[in-house]
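Below is one structure; the comments refer to it alone.
The values are calculated or read from the model by the stated rules, or taken from the named source; none is laboratory data. Fair warning: this is a prediction, and the values are worked out from it, not measured in the lab. Cβ coordinates were reconstructed from backbone atoms using ideal geometry, including for glycine residues, and neighbour counts include every protein chain displayed. These accessible areas exclude ligands, DNA and RNA; they are computed on the full protein's heavy atoms, side chains included. Shrake-Rupley method; radii C 1.70, N 1.55, O 1.52, S 1.80 Å.
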Amino acid sequence: KFATGQNKIVGCKVASSYISAGQAMLNLQNEIGGADFDTVRQHAEARWNQMLGRIKVEGATPQEQRTFYSCLYRSLLFPEKFFEINAQGKQVHYSPYDGQLHDGPLYTDSGFWDTFRAAHPLYNLICPEVSAEIQQSLINTYLESGWLPEWPAPGHSGVMIGQHSFSLLADAWTKGIRGYDAQKAVEAMVHDVTGSPRGAVGRDHASDYDRLGYLPYSSTRGQPSVSEATAKTLEYAYDDFCAAQLAHAIGKQAEADAFARHAMNYTNLFDTNIGFMRERKADGSWNEPFAPENWSGGFTEGSSWHWTWCAFQDIPGLVKLMGGNEAFAKKLDEVFTTSADAHLGGYHGSSSPIHEMTEMVAGDMGQYAHGNEPVHHMIYLYDYAGQPWKAQSKLRQVMNLLYSAQPDGYCGDEDTGQMSAWYVFSAMGFYPVCPGDPVYIIGSPLFDKVTVNLQNGKTFTVTAKGNGHQEYYIRGATLDGETLNKTWFSHKAIMDGAELVFTMSSGPNKKWGSSPENFPPSALATLLGVPSTMPGSTPNK
């Protein structure tokens, strides 16, 4: 009991530990010590200002600046440290995987199915020292549990499809982040695609994926069928590309070649007759009936309208499958013009729509469902087909329509930082369409100037001359004073401290970035060392 008369303030300091009561007391001393509440608050404000200050934006409106920093703040809330500092000053953690105490970092609470797309690439850009710890955390999880994680919660959570820890490891390594065992990472990748899946870990029906080149799905009772098979196949193919990238980078060429072949498996689910990714049966025939707006069946939290574009590693190959640049761009147009009212079923056969469906209708953007992650790269794909001005206008539309600094300032789920990280990148004017490939695709910068304060002591600046609410089209660009007609640039350019300058206008310049030599390359073709990929149309190509 406390005597609290005459407005007396009672202070209480609290610390916790997953290791021991003694470690909790040590954490209390390390993290708070003799500081009072106001001092702790000042330390927190200083730390947040330091982190948020790694990106400085100028121009636009105060509301847009608040929105940007709100998004950056939310992005940096995840993942969370699950390790502590012992009396010797070493990182230690209690493992949720084997119940033992281990040295080194462990991080938790990041859903990789969401965050591989932009959140972790953002950490690689502005917090490489943290990202290095995150990568070692993945290796530690493998060493302690026998598997790489997909949603350390802590412990393995089975709610994510794909094996996107592959993406985290490859994206960090190709962007120059070290401090973790890449040899052990490739060993873990090989194990995770060949080992027998167990509960929340491993590759679902790996033998079918290897034998057929895809996971089978059938709506006919009694036939071989894998839940969410089409979505899983597309994500496994991308993850195989990431594994190939890392294996190639460290000289494990046999593993790289094997993974790269599997990265082409996305072609096995594309039906050239109708221009969509779709469910395929074990005998090679297509599952019927098919409706591209159906959110159930072989897809995960989306429909074929959303998943058809998920070949991050080989967008130029997907362009070829669709019949070329014009056909590809026309199909993208249809995403935004096709009514969102038509849905056959809800989520995995449920008759009631999930929230991503209802928010898609509210957004009034056709079949484009920004409230869920599978489409986050989609608008940038206009750059691969020679129509970047369409990406520029639609990106501004999404930023203005679906984000604000209010409590409801984003659509869908935050999903441990991804929804906000999309805005951070897009407002800066570029986006990592294919994590694991160290390039960025150009969009439409929201601010007059963005300065990224890099941890190597250099700065990367993006300047948009003549920028405004109606001036969102790119008329021209330079990179370090040299004319830039390409719609992409390298991560190396950022780390070298380049200056990217755009000249903006109220009308589209349909010549800028529209020539094939200026299109973003295929990440998979670059890995394979060929001018372009040659997509197949049948299994086992």
_Candidates Thr220, Thr233, Thr194 - the one that is within 24 Å of the chain's Cα centre (by Cα) and polar (S, T, N, Q)_ = Thr233
_I'd like the full set of residues that are open to solvent by less than 10 Å² (accessible area, probe 1.4 Å) and hydrophobic (A, V, I, L, M, F, W, C), limited to segment 113-148._
Phe116, Ala118, Ala119, Leu122, Leu125, Ile126, Cys127, Ile134, Leu138, Ile139, Leu148
_Search result, residues across segment 371-398 that are open to solvent by less than 10 Å² (accessible area, probe 1.4 Å) and in contact with an Asp or Glu (Cβ under 8 Å, 6 or more places away or on another chain)_ = Gly371, Asn372, Glu373, Pro374, Ala385, Ala391
_When the residues of segment 250-284 are narrowed to those that are closer than 30 Å to Lys175 by Cα and among the aromatic types (Phe, Trp, Tyr), which ends up surrounded by the most Cβ atoms within 10 Å (Cβ to Cβ)?_
Tyr266
*Scanning segment 203-249 for residues that are surrounded by fewer than 19 Cβ atoms within 10 Å (Cβ to Cβ) and of a type in the set (A, V, I, L, M, F, W, C), which turns out nearest to Leu148 (Cα to Cα)?*
Ala206
*Which one is farthest from Val433 (Cα to Cα) among residues in segment 165-180 that are surrounded by 24 or more Cβ atoms within 10 Å (Cβ to Cβ) and in contact with a Lys or Arg (Cβ under 9 Å, 6 or more places away or on another chain)?*
Ala172
*Is it the case that some residue within segment 162-169 is out of contact with any strand residue (DSSP E or B) (no Cβ under 9 Å at 6 or more places or on another chain), part of a loop (DSSP other than H, G, I, E, B) and without any contact (Cβ under 8 Å) to a residue 12 or more places away in the chain?*
no
*Only residues in segment 106-123 that are touching a residue at least 24 places away in the same chain (Cβ under 8 Å) and aliphatic (A, V, I, L, M) count as the first member; pair them with residues that are assigned to a loop (DSSP other than H, G, I, E, B) and open to solvent by 10 Å² or more (accessible area, probe 1.4 Å), Cβ under 8 angstrom, at least 6 apart or cross-chain, and list the lot.*
Leu106/Phe82; Leu106/Phe83; Leu106/Pro154; Ala119/Phe78; Ala119/Thr416
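Let's see how each residue does on (1) assigned to a loop (DSSP other than H, G, I, E, B); (2) open to solvent by 20 Å² or more (accessible area, probe 1.4 Å); (3) within 20 Å of Val57 (Cβ to Cβ):
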{"residue": "Gly457", "(1), (2), (3)": "yes, yes, no"}
{"residue": "Val462", "(1), (2), (3)": "no, no, yes"}
{"residue": "Gln470", "(1), (2), (3)": "yes, yes, yes"}
{"residue": "Ile474", "(1), (2), (3)": "no, no, yes"}
{"residue": "Ala477", "(1), (2), (3)": "no, no, yes"}
{"residue": "Asn485", "(1), (2), (3)": "yes, yes, no"}
{"residue": "Ala493", "(1), (2), (3)": "no, no, yes"}
{"residue": "Phe502", "(1), (2), (3)": "no, no, yes"}
*Is there a residue in segment 30-46 that is under 21 Å from Tyr410 (Cα atoms) and free of Cβ contacts under 8 Å to residues at least 12 places away in the same chain?*
no
_Every residue in segment 80-96 that is open to solvent by 30 Å² or more (accessible area, probe 1.4 Å), farther than 11 Å from Thr108 by Cβ and assigned to a strand (DSSP E or B), please._
Ile85, Gln91, Tyr94
